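The values are calculated or read from the model by the stated rules, or taken from the named source; none is laboratory data. Keep in mind that what you see is a predicted model, and the values were worked out from it rather than measured. With ideal geometry, Cβ positions are generated from the backbone for all residues, glycine too; neighbour counts draw on all protein chains shown.
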Amino acid sequence: MLLAIDTSAGTAVALVSDDGRMLAERSTPDTRRHAEVIGPFLAEVFDTAALSPSDVTAVAVGIGPGPFTGLRVGIAAARTFALARGVPLLAVPSHDAAALALVESGSVAGRFAIVTDARRREVAVTEYAAALPLPSVLSPASLALRVGWAPEEGVVVHEVHEIPAVPLARVALLRRAAGATPPTPEPLYLRAPDVTLSTPKRVSS
């Protein structure tokens, strides 16, 4: 059983069986209360599914793109849980989860793009070359920040406000089944740090 966590937009938590079935999920589109809701959501999904943390065999975590502060909450929670239980931590680019959700719903065919709010009048865009077969959704054609972005002809745009945790777990399962190495579980933050180290002043004698 997988525990899936994503805080790249709102906060989403789910328990998913090894064959991809949803067992329980909780989510909110609120982009400012990640730290407040992550603990209760974790408790609620285990309670709803009548399962315990000892039943988890791996943790899938969304790594963004998204605001750095929000991403850190989910990644820290996932790391802590995986370390405490001694189970693998499987990082998943959050846009891949949104893309898989669209594919599973039959909402896309051919080239499409997942777009999320990156704030500061920018959007994060991941373009996918094709929707089928399913494994191709794991290989985005490009990922970048854009201002005033307009898609190329033939690219269907899907603006996403929430990243669902269940497809996130399914992406991790697909990658694991294919023997693919997951990305490093670090925040996929597309900007340079807001704060940089200053150059030390020279001290003369």
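State whether one or more residues within segment 67-83 are at pLDDT 95 or above, of a type in the set (Ser, Thr, Tyr), outside any strand (DSSP E or B) and touching a helix residue (DSSP H, G or I) at 6+ places or on another chain (Cβ under 9 Å). No; the residues of segment 67-83 include none that is at pLDDT 95 or above, of a type in the set (Ser, Thr, Tyr), outside any strand (DSSP E or B) and touching a helix residue (DSSP H, G or I) at 6+ places or on another chain (Cβ under 9 Å). Report whether or not residue 32 is surrounded by fewer than 19 Cβ atoms within 10 Å (Cβ to Cβ), within 17 Å of the chain's Cα centre (by Cα) and not in a helix (DSSP H, G or I). Yes, satisfied. Kindly provide the set of residues from segment 42-64 that are within 19 Å of residue 6 (Cα to Cα), assigned to a loop (DSSP other than H, G, I, E, B) and either without any contact (Cβ under 8 Å) to a residue 24 or more places away in the chain or not small (Gly, Ala, Ser) (or both), ordered by number. 56, 57, 63, listed by residue number. The lone criterion from (1) of a type in the set (A, V, I, L, M); (2) out of contact with any strand residue (DSSP E or B) (no Cβ under 9 Å at 6 or more places or on another chain); (3) under 15 Å from residue 164 (Cβ atoms) left unmet by residue 3 is number (2). Return yes when residue 26 is without any contact (Cβ under 8 Å) to a residue 60 or more places away in the chain, touching a Phe, Trp or Tyr at 6+ places or on another chain (Cβ under 6 Å) and either under 16 Å from residue 163 (Cβ atoms) or surrounded by 15 or more Cβ atoms within 10 Å (Cβ to Cβ) (or both) and no when it is not. Spelling it out, residue 26 is indeed without any contact (Cβ under 8 Å) to a residue 60 or more places away in the chain, touching a Phe, Trp or Tyr at 6+ places or on another chain (Cβ under 6 Å) and either under 16 Å from residue 163 (Cβ atoms) or surrounded by 15 or more Cβ atoms within 10 Å (Cβ to Cβ) (or both).
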